[in-house]
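Student: Structure provided below as structure tokens; questions to follow.
The values are calculated or read from the model by the stated rules, or taken from the named source; none is laboratory data. Bear in mind that the values here come from a model prediction, so they are computed numbers and not experimental data. Glycine also receives a Cβ, built like all others from the backbone with ideal geometry; neighbour counts cover every protein chain displayed. Just so you know, the surface numbers come from the protein's heavy atoms only, side chains and all, with ligands and any DNA or RNA stripped out. Shrake-Rupley method; radii C 1.70, N 1.55, O 1.52, S 1.80 Å.
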Amino acid sequence: MKAMVGLIMGGPLILGGLMMAAAASAQPPQSHHWAIVVHGGAGDIDRATLGEKGDAAYRAALTKVIETGAAVLDRGGSSLDAVETAIKMMEDDPHFNSARGAVFTSAGKTELDAAIMNGATMQAGAVASVTHTRYPISLARSVMEKTPYVLMVGPGADAYSVQAGMEQEPASYFFTESRWQSLVRQLTKEGKPIPPRPEGAPAKGTMIPVAQFEESADTHRYGTVGVVAVDRQGNVAAGTSTGGLQGKAPGRVGDSPIIGAGTYASNQSCAVSGTGVGEFFIRYTVAREVCALVQYKGMGLQQAADEIIQTRLKPIHGDGGVIAVTPDGQMAWSFNTPGMFRARLAEGGKVEVHLYNDEP
Ligand code: ASP
């Protein structure tokens, strides 16, 4: 950084800067402690609706995910790799509303959104309304690293996905019976037409015990996934992947792939991934706002997250939550719903997995 300043300013500073850079390169890289936080969606998650089986299934899934992401960091991997690896695992897991297991639109299709951001470089990549990509988070990373763009959507993003060599899956791969039945219940309640079952969907069969929240009066269903991490270099990264809101109109895009709304990372402040009613998160630029409080007001991370989620969003029914980390290893989560699937682990610490709002 100092060398760069020297080069920009010219004169004797150049020499000073270069000497400092040479001295710095002789030192071992500064060692930070790694930390990782994961969410699997926020909403009307309580013991009664989840049941014992659902409770155990989500705790097991979150434990596996946090341990997998942590292993990447522990062997010196980057926060970006940890975020992508952990999210891919959740995208494969039908318990979550991302990729396999995504909710359906009102037309009975899955439209997937994802974003990833590198806090060290401020590079970001995102995709919205993609329909066949097995790992939307990897597609977002490809947009970030291999194109000059930040956000690609719809058929263009689907075409880029094929061209970039991403794994493609038929619509039936993303289908889960529980999500379908949940859509049918919602549309019935709303007096809307029920679309035909997706082509190639299996005949009505096994129900995977995904969280359904049948008694909820809300029209959206949860399970978006997100991961934030800081690595041993002190670099932060954030990623989010979702099927969006159940029963959403085709073409609706939420906050998850909008940089600064559902996903944001900067080494100057923090990395954040959000989950909840995306329209609020977009209008209140939630992820960026949390980081701005840290950066410009010098707030602690937990205080900043609470300020946005509890003080600003809760009174206006902006349901949802965030997870966050800072380059110096602070971890935080905050949510204003009955529950949020969540887990965290810092180097040398113990895995914490929680689902409800009466847990830490
Ligand atoms: N935030 C996501 C969206 O609005 C949904 C969620 O997090 O549950 O698309």
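Student: Just to be sure before I move on: is VAL37 modelled with pLDDT of 95 or more, touching an Asp or Glu at 6+ places or on another chain (Cβ under 9 Å), buried (at least 21 other Cβ atoms within 10 Å of the Cβ) and among the β-branched types (Val, Ile, Thr) in the structure I sent?
Tutor: In short, no.
Student: Looking only at segment 125-160, count how many residues are assigned to a strand (DSSP E or B) and open to solvent by less than 10 Å² (accessible area, probe 1.4 Å).
Tutor: So the count comes out to 6.
Student: Take the residues in segment 175-224 that are hydroxyl-bearing (Ser, Thr, Tyr) and surrounded by 12 or more Cβ atoms within 10 Å (Cβ to Cβ); name whichever of them is modelled with the lowest pLDDT.
Tutor: Out of the qualifying residues, it is THR219.
Student: Give all pairs with beta carbons closer than 6 Å in which a residue from segment 322-342 that is among the β-branched types (Val, Ile, Thr) meets a residue that is open to solvent by 10 Å² or more (accessible area, probe 1.4 Å); count only pairs at least 6 apart in sequence or on separate chains.
Tutor: Correct list of pairs: ILE323/TRP333; VAL325/MET331; THR337/ASP319.
Student: On to the next question. For segment 34-62, which positions are part of a strand (DSSP E or B) and more than 16 Å from the ligand (Cβ to nearest atom)?
Tutor: ALA35, ILE36
Student: Which one of SER273, SER241, SER269 is over 30 Å from ARG100 (Cβ atoms) and small (Gly, Ala, Ser)?
Tutor: Criteria check complete, one pass: SER269.
Student: Out of the residues in segment 253-263 that are near the ligand (Cβ under 10 Å from one of its atoms) and open to solvent by 40 Å² or more (accessible area, probe 1.4 Å), state the one that is farthest from ALA107 (Cα to Cα).
Tutor: ILE258
Student: Here's a follow-up. List the number of the failed condition for SER269; all other conditions in (1) under 14 Å from the mean Cα position of the chain (by Cα); (2) in a loop (DSSP other than H, G, I, E, B); (3) of a type in the set (Ser, Thr, Tyr) hold.
Tutor: All conditions are met except number (1).
Student: While we're here: Select from segment 294-319 the residues that are closer than 15 Å to TYR264 by Cβ and either crowded, with 21+ Cβ neighbours inside 10 Å or among the charged types (D, E, K, R) (or both) and list them in ascending order.
Tutor: The answer is VAL294, LEU301, ALA304, ALA305, ILE308, ILE309.
Student: Of everything in segment 63-79, what is without any contact (Cβ under 8 Å) to a residue 60 or more places away in the chain and part of a helix (DSSP H, G or I)? Give them in sequence order.
Tutor: Passing the criteria: LYS64, THR68, ALA71, VAL72.
Student: A further question follows. Within segment 275-327, can you find the residues that are polar (S, T, N, Q), under 19 Å from the mean Cα position of the chain (by Cα) and part of a helix (DSSP H, G or I)?
Tutor: Result: GLN302, single match.
Student: Kindly indicate which of ALA120, ALA99, ALA107 is assigned to a loop (DSSP other than H, G, I, E, B), out of contact with any Pro (no Cβ under 8 Å at 6 or more places or on another chain) and aliphatic (A, V, I, L, M).
Tutor: So the residue among ALA120, ALA99, ALA107 that is assigned to a loop (DSSP other than H, G, I, E, B), out of contact with any Pro (no Cβ under 8 Å at 6 or more places or on another chain) and aliphatic (A, V, I, L, M) is ALA120.
Student: So is ALA305 over 23 Å from ARG252 (Cα atoms) and either within 16 Å of the ligand (Cβ to nearest atom) or in contact with a Pro (Cβ under 7 Å, 6 or more places away or on another chain) (or both) or not?
Tutor: Here the answer is yes, as ALA305 does meet what is asked.
Student: Tell me, which residue of segment 264-284 that is among the β-branched types (Val, Ile, Thr) and within 10 Å of the ligand (Cβ to nearest atom) is least open to solvent (accessible area, probe 1.4 Å)?
Tutor: THR275
Student: Moving on. Does any residue of segment 328-337 turn out to be within 12 Å of the ligand (Cβ to nearest atom), within 21 Å of MET90 (Cβ to Cβ), assigned to a loop (DSSP other than H, G, I, E, B) and open to solvent by 30 Å² or more (accessible area, probe 1.4 Å)?
Tutor: Checked against the condition, which is being within 12 Å of the ligand (Cβ to nearest atom), within 21 Å of MET90 (Cβ to Cβ), assigned to a loop (DSSP other than H, G, I, E, B) and open to solvent by 30 Å² or more (accessible area, probe 1.4 Å), segment 328-337 yields no hits at all.
Student: Within segment 225-247, take every residue that is open to solvent by less than 10 Å² (accessible area, probe 1.4 Å) and within 13 Å of the ligand (Cβ to nearest atom) and give me the one that is farthest from the chain's Cα centre (by Cα).
Tutor: Here the residue is GLN246.
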